[in-house]
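Asks: Encoded as structure tokens, here's the structure I'll be asking about.
The values are calculated or read from the model by the stated rules, or taken from the named source; none is laboratory data. None of these values were measured; they are calculated from a predicted model. With ideal geometry, Cβ positions are generated from the backbone for all residues, glycine too; neighbour counts draw on all protein chains shown. Just the protein is used for accessible areas: all its heavy atoms, side chains included, with ligands, DNA and RNA removed. Shrake-Rupley method; radii C 1.70, N 1.55, O 1.52, S 1.80 Å.
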Amino acid sequence: MAEQELMEKIVSLCKRRGFVFPGSDIYGGLSNSWDYGPLGVELKNNIKQLWWKRFVQSREDVVGLDAALIMNPKVWEASGHVATFSDPLVECKKCHQRFRADHHLEAIHKWVISPNEFPKEKDLPEDIKGLLICSVSDPVHLRQHDLGPAKQFNLMFKTFIGPSEDQTSVAYFRPETAQAMFVQFKNVLDTTRRKLPFGIAQQGKAFRNEITPGNFIFRTREFEQMEIEYFIPVPTVDADWNEYFELWRQDILSWITRDLGLSMEHIHELEVPREDLAHYSKRTMDFEYHFPFGVKELYGLAYRTDFDLKNHERASGQELKYTDPETGEKTVPHVIEPTWGVDRTFLAVLCEHYKEQIDGENKRVYLSLPPKLAPYKCAVFPLLKNKPELVAKAKEIYSQLASHDSLLPVAWDDRGNVGKRYYSQDEIGTPFCITVDFDTLENDTVTVRDRDTAEQVRVNLDELVNYLNEKING
Ligand code: GAP
């Protein structure tokens, strides 16, 4: 399947089946804003819950936090975001469209200039910088823009707190969840008495006024992150922090393959070159995924040194140190930061698990989602909807399953014929379909059909919950 075609199919399935809708749809949308529908919110919550369970609840060395989205603006001054959290922006002098300079150059690199010899932006001659050809996202409609020089554009969303809109009331929506973990470091330490190394984890919205959002939910202005700031003892040699870096690298890869079921063939680890490192980082590794629109960043892992705690200590005048319980020595810990984008996880999971199977005349579309991520864990149908005794028995089984926390949520479907219901559940990734037929009334067994193999087995009703639990939760 052509990559572009795959992307179109995923976007279409998302809208048709209620995973993701265009935001503000009835008003013609709002550029690159998306809403998660009834099935999307289940899939997204399952990703977040699985992550929280794995990286917070089942670890002794990580605790959670849920901080405010708008923090004191001094936070963003101290963190360096006010001064440096920007992207290079170029504006066309004729049509006044604005582009992210590096993305624009990337587009030219791809479609116009020889891919092998494309220079870095800083090495481009001024006359080429001033007249760049093509549109960022659409190679078919090449357009000619007369671009001005690149300017730095700060990506933070500004707002005002309270009724007056002057400089003293300016505030920002957080561009990353990370800073709250530094700002609350002391409170968390004092209340949990954790010893180094330990981490603070948070999930939640972040906001960036991206110049060129796009590729569906891949790059948006409002998105969710799952981040951990992992505080480690002050390293004496590079090997000290590299050891923790490597442990987190393995944990991220295990999450990608084991929990999300993504193939390592679609993952690329990028050692970010020194000149491209963020202002706070001494080493960053990007985990890239082979999306239909290219190999792009999925997650990141950075060694932030003591940059953030030291800056907040300086700016706030508050001590942000760890006291060694044995020696009494006070130090500012260093930080390893693994970071995950929720929306990019959602998209990668859909891209990976979207499957088409041709079966004679029929084409079957199914999402081979890991059962723990599937919006519905199973669906229950009566074989025929005009047989009240079958409907009553099926409803009874549905109610029993729906009351089991570990199986929730369970779908009910009595529309059309059983074949159509299977296809309908396959398309949204329901791992098991349970059909109640006349044999059920005789011998208390049901048919359980597996989404991926389409194989059907007969299961006794008194073993059904265990059977499903085993399959879903391993
Ligand atoms: N605290 C470090 C930090 O924020 P980042 O690489 O800028 O690092 C972390 O962002 C993750 O957040 C990315 O790997 C990506 O998954 C997600 N992300 C960043 N910008 C995004 C955007 N505009 N839309 C969707 N996800 C985004």
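Asks: Of Gln250, Phe216, Gly294, whose Cα points farthest to the positive end of the dipole of the chain (charges on the beta-carbon: +1 Lys, Arg; -1 Asp, Glu; origin at the Cα centre)?
Replies: Phe216
Asks: A follow-up question, please. How big is segment 259-414 by Rg and Dmax over its Cα atoms, in Å?
Replies: Gyration radius and largest Cα-Cα distance of segment 259-414: 25.2, 77 Å.
Asks: Taking the Cα of His266, stepping 7 Å toward and past its beta carbon, and measuring to each backbone N in segment 354-396: which are under 20 Å?
Replies: Once the point is set 7 Å along Cα→Cβ of His266, 354-358, 364-376 turn out to lie under 20 Å by backbone N, inside segment 354-396.
Asks: Using a basic spin-label model with each label point 7 Å from the Cα along Cα→Cβ, how many nm lie between Asp444 and Glu470?
Replies: 1.8
Asks: Right, next: Hey, which of these cross-link pairs are over 29 Å Cα-Cα: Lys93/Lys158; Lys296/Lys321; Lys363/Lys471? Walk me through the numbers before you get to the answer.
Replies: On the way: Lys93/Lys158 26 Å; Lys296/Lys321 37 Å; Lys363/Lys471 26 Å.
Distance filter (> 29 Å) returns Lys296/Lys321.
Asks: Still on this structure: Averaged per residue, what accessible surface does segment 165-226 expose to a 1.4 Å probe, in Å²? Numbers along the way, then the final one.
Replies: Working: 2330 Å² over 62 residues.
I get 38 Å² per residue for segment 165-226.
Asks: While we're looking at this one, here's another question. Pull up the cross-link candidates among the lysines for Lys15, meaning alpha carbon to alpha carbon under 16 Å and not fewer than 8 places away within one chain.
Replies: Excluding near neighbours in sequence, the set is Lys44.
Asks: Report, to the nearest 10°, how far helix 464-473 tilts away from the longest principal axis of the Cα atoms in the chain, using its own Cα long axis and a range of 0 to 90°.
Replies: 20
Asks: What distance in nm lies between label points placed 7 Å from Cα along the C-beta direction at Asn362 and Arg16?
Replies: Label-label distance for Asn362 and Arg16, simple model: 1.6 nm.
Asks: Related question: Please give the charge dipole size of segment 168-269, origin at the Cα centre, charges +1 on K and R Cβ atoms and -1 on D and E Cβ atoms. Round to the nearest 20 debye.
Replies: Details: 11 positive and 15 negative charges, 100 e Å.
I would put it at about 480 debye.
Asks: Nearest 10 degrees, 0 to 90: what angle lies between the long axis of helix 418-427 and the longest principal axis of the chain (Cα atoms)?
Replies: Rounded to the nearest ten degrees, it is 10.
Asks: Also, quick follow-up: Based only on Cα atoms, what Rg/Rh ratio does the chain have, Rh being taken as Kirkwood's radius?
Replies: Numbers: Rg = 25.8 Å, Rh = 25.3 Å.
Expressed as Rg/Rh, it is 1.02.
Asks: Ignoring ligands, DNA and RNA, please state the percent of accessible area on segment 167-264 from carbon and sulfur, probe 1.4 Å.
Replies: On the way: 1760 of 3740 Å².
So the carbon and sulfur contribution to the accessible surface is 47 percent.
Asks: Ok, one more. Can you pull the Kirkwood radius for segment 376-473, inverse mean 1/r over Cα pairs, to one decimal in Å?
Replies: Mean inverse Cα-Cα distance, inverted, gives 13.1 Å.
Asks: How do Glu91, Glu396, Glu243 stack up against each other in accessible area, from largest to smallest, with a 1.4 angstrom probe?
Replies: Details: Glu91 45, Glu396 90, Glu243 115 Å².
The ordering from most to least exposed comes out as Glu243, Glu396, Glu91.
Asks: Work out the charge dipole of segment 376-473 with +1 on the Cβ of Lys and Arg and -1 on the Cβ of Asp and Glu about the Cα centre, then indicate which of Asn417, Ile434, Leu464 is farthest towards its positive end.
Replies: Checking the options against the dipole of segment 376-473, the answer is Asn417.
Asks: If you don't mind, there's one more thing I want to ask. Add +1 for every Lys or Arg and -1 for every Asp or Glu among the other residues with Cβ under 13 Å from the Cβ of Gln202, and state the total.
Replies: It works out to a net charge of -3.
Asks: Determine the order of Leu347, Leu30, Leu50 by accessible area, beginning with the largest, at a probe radius of 1.4 Å. Let's see the in-between values first.
Replies: Working: Leu347 0, Leu30 115, Leu50 25 Å².
So the residues, ranked largest to smallest area, are Leu30, Leu50, Leu347.
Asks: Given the -39500 (n - 2.57) contribution per DSSP H run of 4+ residues, what per-residue ellipticity at 222 nm results for the chain, rounded to the nearest 500 deg cm²/dmol? If you can, show how the numbers build up before the last one.
Replies: Working: 15 runs with 150 residues, N = 474.
Rounded to the nearest 500, it is -9500 deg cm²/dmol.
Asks: So, one more: Could you state how much accessible area Thr331 has, in square angstrom rounded to the nearest 10, with a 1.4 Å probe and all protein chains kept in place?
Replies: Approximately 30 Å² of Thr331 is accessible to the 1.4 Å probe.
Asks: Follow-up question, since we're still on this one. Where the only charges are on Cβ atoms (+1 Lys, Arg; -1 Asp, Glu), what is the dipole of the chain about its Cα centre, to the nearest 20 debye?
Replies: On the way: 58 positive and 74 negative charges, 212 e Å.
It works out to roughly 1020 debye.
Asks: Put Leu69, Leu468 in order of accessible area, largest first, 1.4 Å probe: what do you get? Before the final figure, lay out each step's value.
Replies: Values: Leu69 65, Leu468 0 Å².
Most to least solvent-accessible, the answer reads Leu69, Leu468.
Asks: Taking the Cα centre of each part, how many Å lie between segment 256-309 and segment 152-218?
Replies: Taking the Cα centre of segment 152-218 as reference, the centre of segment 256-309 is 20 Å away.
Asks: Same structure, new question: Could you list the residues of segment 169-186 with an amide nitrogen less than 18 Å from a label point located 7 Å from the Cα of Arg314 in the Cα-to-C-beta direction?
Replies: The answer is 179, 182-183, whose backbone nitrogens lie closer than 18 Å to the label point.
Asks: Oh, and also: Calculate, in nm to one decimal, what Asp240 and Asp324 gain on full extension: separation in residues at 0.36 nm each, minus their alpha carbon distance. Present the calculation step by step, with values, prior to reporting the outcome.
Replies: Values: separation 84, 0.36 × 84 = 30.24 nm, distance 1.74 nm.
So the extension gain works out to 28.5 nm.
Asks: Turning to a different aspect of this structure: Give, in nm to one decimal, the length gained when the segment between Ser254 and Asp66 is fully stretched (0.36 nm per residue of separation minus the Cα-Cα distance).
Replies: 65.2 nm
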